[in-house]
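Chemist: Sharing a structure here in C-alpha cells format.
Every number in this text was worked out from the coordinates using simple rules, so none of it is lab data. Worth saying up front: this structure is predicted, and the values here are computed from it rather than measured. Because the Cβ atoms are built from the backbone with ideal geometry, glycine has one as well, and the counts that use them run over all protein chains shown.
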Amino acid sequence: MGSAAPRFASAPPPLLPLLLLLLLLLRAERPLGAELTFQLPDSAKQCFHEHVGRGVRLSLDYQVITGGHYDVDCSVEDPLGNAIYRETRKQYDSFTYQAEVEGVYQFCFSNEFSTFSHKTIYFDLQVGDEPPILPDMGSRVTALTQREK
C-alpha cells in the first residue's frame, strides 16, 4: 500500500479574482493623484501629466525642500495649452482648480533661472474630491468652538 496524495473534495476557491475585487473596492473610495519628491537639476525643467475629467477638482501643493534659495517656477496648463497657473521663484504654494476641459493637464517645475544650484522638490497632486472620513459627515455641517478654561 502506497501513500496516496490527499485529494480535495472540491477545488479551492480562486484567490486572484477575490484579491482583484478587494483592490478595486479599496481604490474606489480614493481620489486619484500622485505624491512625489524629485531632484530638479540646475537650468532644467521637469513636467508631469495627469488626465482630469471636466468639472473635476484638482489640487497641487508643492515645496522646495533643498537647494539654492529654495525657489522654483511652477506652471499648470490645461489640455488646450492655456496657462491656468504660473508662479515664479516660489518656495511653496497651493493651487486648486475646477477643470473646465477634459483631457491631459501638464504640471511643470522649472529651475531654468539657476545656473549652479539643483533643487529637491516635493509635490502632492490630487484629482477629485476626497470622501468624508465618516459616511455621515458629507451632509452635516458643524462648527468648532474654543472651550473656555
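Chemist: Using DSSP to call loops (not H, G, I, E or B), can you name the GluC sites (Glu not before Pro) in the range 38-117 whose Cβ has at most 16 other Cβ atoms within 10 angstrom?
Modeler: Glu100, Glu102, Glu112
Chemist: Something else now. How about the range 37-129: which trypsin sites (Lys or Arg not before Pro) there are in a DSSP loop, with at most 16 other Cβ atoms within 10 Å of their Cβ? Please report the intermediate quantities before stating the final value.
Modeler: Details: sites: Lys45, Arg54, Arg57, Arg86, Arg89, Lys90, Lys119; in loops: Arg54.
For trypsin sites (Lys or Arg not before Pro) across the range 37-129 that sit outside H, G, I, E and B with at most 16 neighbouring Cβ atoms in 10 Å, the list reads Arg54.
Chemist: Suppose a student asked you for the relative contact order of the range 69-132, using Cα pairs under 8 Å spaced at least 6 residues apart; what percent would you report? Walk me through the numbers before you get to the answer.
Modeler: Working: 68 pairs, mean separation 21.5, N = 64.
Once divided by the residue count of the range 69-132, the mean separation gives 34 percent.
Chemist: Please list the three semi-axes, largest first and in whole Å, of the ellipsoid equivalent to the range 29-81, using sqrt of 5 times the eigenvalues of its alpha carbon gyration tensor.
Modeler: Details: eigenvalues 125, 41, 18 Å².
Rounded to whole Å, the semi-axes are 25, 14, 9.
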